[in-house]
Amino acid sequence: MKLYDEDGRAVVVRRVGFVGSGMYGRVYKTSDLKCLKLYRRGIELDPDTNILIKNLELDNFCKIYKILFDEKGRYKGNLMEYYQKEKVDVLTLPSEYLLDNLRGLATSVLKLLDNKVFISDMNFDNAIINENEIRVIDTDLYVRREEYKDDVLYRYGVSSLQGLMLSIYLDSLRKYHSSSRIVDDEIAIERLFETPFDVNHTSKKLVRCKYPIDYVMKCR
């Protein structure tokens, strides 16, 4: 299949490995160490929103290099930055890791909201987590909603960012720190992300806690 970018220029991509598949498509590693996502036949998604996201160059979001179309102008996928997922216990990474990632994600989500983007499907499965950062890799279902009121978009933005951080940190708790106090520990983590756009709120809770797990233990 011949592929073209949003300006109609031919794009030559050589796949060297299969990364994985999901509901909407398949992902490949390319010879120049990028990530090629190709949508399944019959899937119709909004290219304009991903073109906007590409141009915004958001912190903690996977960089999109090219939006790809076929010869008939149908949106077929994206050429993106490649990131390696790692098994990592984020609760034992420094508290600054949590705060830096939350700050970057919050800034990016607010940029999307300023551009009337409705954020959907921001969760653990659509993020890459490693010792360097947390990075959102899937914006397929994001779509601009000019008709939505700002407060509606904002509520969804808060819920999405909160859901992402909770899913990552609760997953770490359940995998690496399960105990008879698991319910209390889950409540402690939920308190860290009560107001995800207010990073200072989270920072105050982590005062004198070198690692987030220290905060969890302190709350018992």
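The values are calculated or read from the model by the stated rules, or taken from the named source; none is laboratory data. Quantities reported herein were computed from a predicted structural model and do not represent experimental measurements. Cβ placement follows ideal geometry from the backbone for every residue including glycine, while neighbour counts extend to all protein chains displayed.
Structure data summary
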quantity: Unique residue being in contact with a helix residue (DSSP H, G or I) (Cβ under 6 Å, 6 or more places away or on another chain) and acidic (Asp, Glu) when the list is 140, 89; calculated: 89
quantity: Top-ranked residue of the stretch 28-50 - restricted to ones that are of a type in the set (A, V, I, L, M) and either modelled with pLDDT of 95 or more or surrounded by fewer than 16 Cβ atoms within 10 Å (Cβ to Cβ) (or both), ranked as nearest to residue 116 (Cα to Cα); calculated: 43
quantity: Failed condition for residue 171, given (1) at pLDDT below 95; (2) in a helix (DSSP H, G or I); calculated: (1)
quantity: Counted residues, the stretch 64-74 - those being surrounded by fewer than 16 Cβ atoms within 10 Å (Cβ to Cβ) and closer than 21 Å to residue 101 by Cα; calculated: 0
quantity: First in the stretch 107-124 and assigned by TED's automatic domain parsing to the domain that holds residue 137, second anywhere and in a strand (DSSP E or B) and among the β-branched types (Val, Ile, Thr), Cβ under 6 Å, 6 or more apart; calculated: 118/143
quantity: Tally, over the stretch 139-172, of residues that are over 16 Å from residue 91 (Cα atoms) and buried (at least 21 other Cβ atoms within 10 Å of the Cβ); calculated: 6
quantity: Number of positions in the stretch 81-105 that are surrounded by fewer than 21 Cβ atoms within 10 Å (Cβ to Cβ) and of a type in the set (A, V, I, L, M, F, W, C); calculated: 3
